[in-house]
2 protein chains.
Amino acid sequence: MLDIGFIGLGVMGRPMAAHVQRGGHRLFVHARRAPPAELTAAGAVACTSPHEVAERAQTIILMLPNTPDVQSVIFGPTGLEHALKPGKLLIDMSSISPGATRELARRVTALGAEYLDAPVSGGETGAKAGTLTIMVGGPETSFARARPLFELMGKNITLIGDHGAGQTAKVANQIIVALTIAAVSEALVFASKAGVDPAKVRAALLGGFASSRILEVHGERMLKRQFSPGFRIALHRKDLGLALEGANELGVALPQTAQCQQLFNAMMAADEGGLDHSALVRAYERLAAHALA
Amino acid sequence: MLDIGFIGLGVMGRPMAAHVQRGGHRLFVHARRAPPAELTAAGAVACTSPHEVAERAQTIILMLPNTPDVQSVIFGPTGLEHALKPGKLLIDMSSISPGATRELARRVTALGAEYLDAPVSGGETGAKAGTLTIMVGGPETSFARARPLFELMGKNITLIGDHGAGQTAKVANQIIVALTIAAVSEALVFASKAGVDPAKVRAALLGGFASSRILEVHGERMLKRQFSPGFRIALHRKDLGLALEGANELGVALPQTAQCQQLFNAMMAADEGGLDHSALVRAYERLAAHALA
């Protein structure tokens with residue numbers, strides 16, 4: 001049994017923390033509001049600050065919305081910083097900037113602690129089922145230390161490379177997922193406006209080179225109009241923002257990603273940022289003045 | 001044993017015709033050059049014109065490069081036209097314009113013959129293995145008549161809808177395939193320029209929502225620099241041309257497809273239209289001044 005800190009108990013963090021707890025570990029949690037009763041009832045200790053979490057736990061897991069949240073929880077007032085001594089391991093499972101992650105890792109390791117970036121994909125469903133894909137950046141020794149915890153939360157666990165590599169892989173993942181949703185949207189709206197049943201097109205295409213998890217899962221959501229999240233447009237837009245910010249820093253052209261981001265912007269303009277990302281098809285439907293179903 | 005006409009004995013048509021022949025049918029073929037010896041040695045009858053093919057065969061299959069070729073073989077001098085009497089079935093397995101197909105079907109059925117559009121996906125590999133995906137448009141009775149022939153050439157055979165629906169599904173397929181190749185290219189070039197091993201990113205992403213046949217097959221081709229076709233950029237550019245032409249006719253906006261076509265144009269400009277479509281990653285590599293491998 002280890003003492004594990006967990007900060008960020010939202011839609012994703014809560015079931016992930018519960019898996020760690022059910023794995024036999026003692027949780028030390030901090031949340032802006034009261035921590036979930038399901039965790040405290042099972043023995044999780046509520047701490048008054050991130051600093052207290054890092055004082056009492058050996059390994060601290062973060063699952064926060066965005067880059068500034070992670071920076072502030074580590075280096076802000078009452079942050080983890082002054083408790084990050086040798087022996088402590090900080091695992092950031094949030095999806096944040098790869099560039100900022102390299103800088104955070106540099107500062108945390110300078111304090112003597114270990115750092116891993118370990119963002120996930122698989123959404124709320126994967127978090128609840130403990131089947132997340134976990135993409136890790138950092139030293140092999142830290143990865144080996146964290147692996148038993150990762151195995152409580154996920155199935156497909158890969159050490160991608162050095163600090164920041166996990167976040168870079170996650171950005172790559174989000175690029176592919178967004179652009180594949182756009183691809184399926186363009187194809188199905190095209191077929192439907194041509195008078196062809198998009199459900200039959202989807203079924204025929206699933207056997208060949210056009211097949212993907214997105215055509216399977218999100219294509220079906222588009223046809224059945226199941227747009228309750230799932231993974232929200234607003235969050236995917238944040239992730240494409242990380243891609244485009246990284247593209248600026250690195251000198252990489254991402255024309256399809258940039259254009260897709262404009263369509264996400266159109267979804268925000270239509271006040272549909274809270275819908276599942278498969279609802280991107282609605283932006284195309286409006287452009288074509290034609291609904292799939 | 002049926003008498004089957006086959007016109008268009010190129011990279012795709014030749015193995016498809018051979019499967020029909022091995023299925024026990026007698027072939028009547030016409031080609032601008034001498035027909036393949038493998039077919040004539042096995043009993044295929046070389047005809048001097050498309051018209052003669054349609055005179056002698058009950059069912060005529062076309063597998064031609066583009067819309068004007070199909071129009072000319074049917075309605076040009078020495079074309080099929082005057083032999084297309086009741087009882088004849090014309091199956092166009094080429095990938096051509098859905099709009100032009102509806103007009104061709106109207107004219108052919110006005111002559112009393114039956115018409116099916118039945119484009120395929122799966123490429124040369126699928127044609128040789130007899131595992132093509134076949135997307136069919138036309139009446140159910142004609143589909144039922146053609147099905148035993150389709151089963152000699154393909155595995156995943158779907159009646160999508162009325163005349164033109166097969167071609168529309170094929171265009172939808174080509175949209176998704178092209179845009180997924182672009183998606184994988186952007187993601188892998190982004191990761192690689194960030195200093196992360198793109199092979200590890202691809203492997204990690206194959207387990208999750210970013211997974212697709214394209215990430216699996218074409219992603220590997222990108223990493224191994226296996227750009228011999230496969231399916232040529234120049235042909236995929238023709239197919240996206242059909243998509244964009246259809247978008248103009250129908251009033252549908254395909255922004256990602258339009259932008260991807262510009263990248264295919266860049267490949268043509270670099271004299272790389274003869275490479276496999278996975279080589280689209282090279283356009284991105286040039287934009288980023290950075291090669292994956």
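The values are calculated or read from the model by the stated rules, or taken from the named source; none is laboratory data. Remember, it's a predicted structure, so these values are computed and weren't measured experimentally. When we count neighbours, we look across all protein chains shown, and the Cβ atoms used for this are built from the backbone with ideal geometry, even at glycine. In case anyone asks, the SASA skips ligands and DNA or RNA and just uses the protein heavy atoms, side chains included. Shrake-Rupley method; radii C 1.70, N 1.55, O 1.52, S 1.80 Å.
Structure values in brief
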{"quantity": "Helix axis angle, A:213-224 relative to chain A longest principal axis, alpha carbon, degrees", "calculated": "60"}
{"quantity": "Solvent-accessible area, 1.4 Å probe, carbon plus sulfur percent, for segment A:230-293", "calculated": "54"}
{"quantity": "Mean Cβ neighbour count within 10 Å, used as a protection proxy, ranking B:260-273, A:204-217 highest first", "calculated": "A:204-217, B:260-273"}
{"quantity": "Entries in A:Lys224/B:Lys155; A:Lys155/B:Lys200; A:Lys170/A:Lys238; A:Lys170/B:Lys200 that, when Cα-Cα distance is taken, lie over 19 Å", "calculated": "A:Lys224/B:Lys155"}
{"quantity": "FRET efficiency, 1/(1 + (r/R0)^6) with R0 41 Å, evaluated for B:Gln262 and A:Ala129 via beta carbons", "calculated": "0.50"}
{"quantity": "Nearest residue to the symmetry axis between B and A, taken on chain B by its Cβ, in whole Å", "calculated": "B:Ser212, 2"}
{"quantity": "Centroid-to-centroid separation of segment A:73-93 and segment A:159-194 [C-alpha atoms, Å]", "calculated": "32"}
{"quantity": "Cα coordinate range in segment A:168-288, projected on the principal axes (Å, largest first)", "calculated": "44, 33, 24"}
{"quantity": "Cα-based convex hull, segment B:77-150, per residue volume (Å³, whole number)", "calculated": "108"}
{"quantity": "222 nm mean residue ellipticity, helices alone, for the protein assembly as shown (DSSP H n ≥ 4; -39,500 (n - 2.57); rounded to 500)", "calculated": "-16000 deg cm²/dmol"}
{"quantity": "Antiparallel content of DSSP bridges confined to the protein assembly as shown, in %, to 5", "calculated": "15"}
{"quantity": "For A:163-169, mean number of other protein chain Cβ atoms within 10 Å", "calculated": "5"}
{"quantity": "Other-chain or far-sequence residues with amide H under 5 Å of A:Lys88's (modelled H)", "calculated": "A:Glu114"}
{"quantity": "Neighbouring partner chain Cβ atoms per residue of A:213-220, average, 10 Å criterion", "calculated": "3"}
{"quantity": "Exam field: A:Val11 pseudo-label spacings to other copies (7 Å along Cα-Cβ), nanometres", "calculated": "4.4"}
{"quantity": "Approximate spin-label separation B:Ala34-B:Arg107, in nm, with each point projected 7 Å along Cα-to-Cβ", "calculated": "3.4"}
{"quantity": "Stokes-Einstein D in µm²/s, Kirkwood radius over Cα pairs - the protein assembly as shown at 37 °C with 0.692 mPa s viscosity", "calculated": "128"}
{"quantity": "Cα shape, segment A:200-243, gyration tensor, a/c 1.5 rule", "calculated": "oblate"}
{"quantity": "Largest-first ordering by accessible area, 1.4 Å probe, given options B:Asp92, B:Asp197, A:Asp3", "calculated": "B:Asp197, A:Asp3, B:Asp92"}
{"quantity": "Relative contact order (%) - criterion: Cα under 8 Å, at least six apart; region: segment A:42-190", "calculated": "18"}
{"quantity": "Cα gyration tensor shape of chain A, rounded if a/c is under 1.5, else prolate or oblate by comparing a/b with b/c", "calculated": "prolate"}
{"quantity": "Size of segment B:102-244 as Cα extents on the principal axes (Å, biggest first)", "calculated": "64, 30, 28"}
{"quantity": "Rounded percent of accessible protein surface that carbon and sulfur make up, segment B:3-163, 1.4 Å probe", "calculated": "52"}
{"quantity": "Summed buried accessible surface, chains B and A, 1.4 Å probe, nearest 100 Å²", "calculated": "5300"}
{"quantity": "Relative contact order [Cα under 8 Å, 6+ residues apart], chain A, whole percent", "calculated": "13"}
{"quantity": "10 Å Cβ neighbours from other chains, averaged over peptide B:132-138", "calculated": "3"}
{"quantity": "Threshold 20 Å², segment B:188-208 residues less accessible with all protein chains present than alone (1.4 Å probe)", "calculated": "B:Phe190, B:Lys193, B:Ala194, B:Val196, B:Lys200, B:Val201, B:Ala204, B:Leu205, B:Gly207, B:Gly208"}
{"quantity": "Phi to ³J(HN,Hα) by Karplus 6.51 cos²θ - 1.76 cosθ + 1.60 over segment A:162-169, Hz, x for Gly, Pro", "calculated": "6, 3, x, 5, x, 5, 5, 5"}
{"quantity": "In Hz, Karplus ³J(HN,Hα) per residue of segment A:27-44 (6.51, -1.76, 1.60; θ = phi - 60°; x = Gly, Pro)", "calculated": "9, 10, 10, 9, 9, 4, 9, 5, x, x, 4, 4, 7, 5, 4, 8, x, 5"}
{"quantity": "Per-pair calculated FRET efficiency, R0 = 35 Å: B:Glu216 and B:Ala144 via Cβ, rounded to 0.05", "calculated": "0.50"}
{"quantity": "Loop-located trypsin sites (Lys or Arg not before Pro) in segment B:1-58 whose Cβ has at most 12 other Cβ within 10 Å (DSSP)", "calculated": "B:Arg32, B:Arg33"}
{"quantity": "Interchain or long-range residues, amide H under 5 Å from A:Leu132's placed H", "calculated": "A:Gly154, A:Lys155"}
{"quantity": "Protection proxy ranking of B:184-190, A:122-128 - average other beta-carbon atoms within 10 Å, highest first", "calculated": "B:184-190, A:122-128"}
{"quantity": "Amide proton proximity set for A:Ile61, modelled H, under 5 Å, gap of 5+", "calculated": "A:Gly5, A:Phe6, A:Ile7, A:Ile91"}
{"quantity": "Å² per residue, accessible surface of the protein assembly as shown at 1.4 Å", "calculated": "36"}
{"quantity": "Cα gyration tensor, segment B:3-163 - rounded (a/c under 1.5), prolate or oblate", "calculated": "rounded"}
{"quantity": "Table column - 3J(HN,Hα) (Hz), segment A:131-139, Karplus curve with 6.51, -1.76, 1.60, x for Gly and Pro", "calculated": "10, 4, 8, 10, 10, 10, x, x, x"}
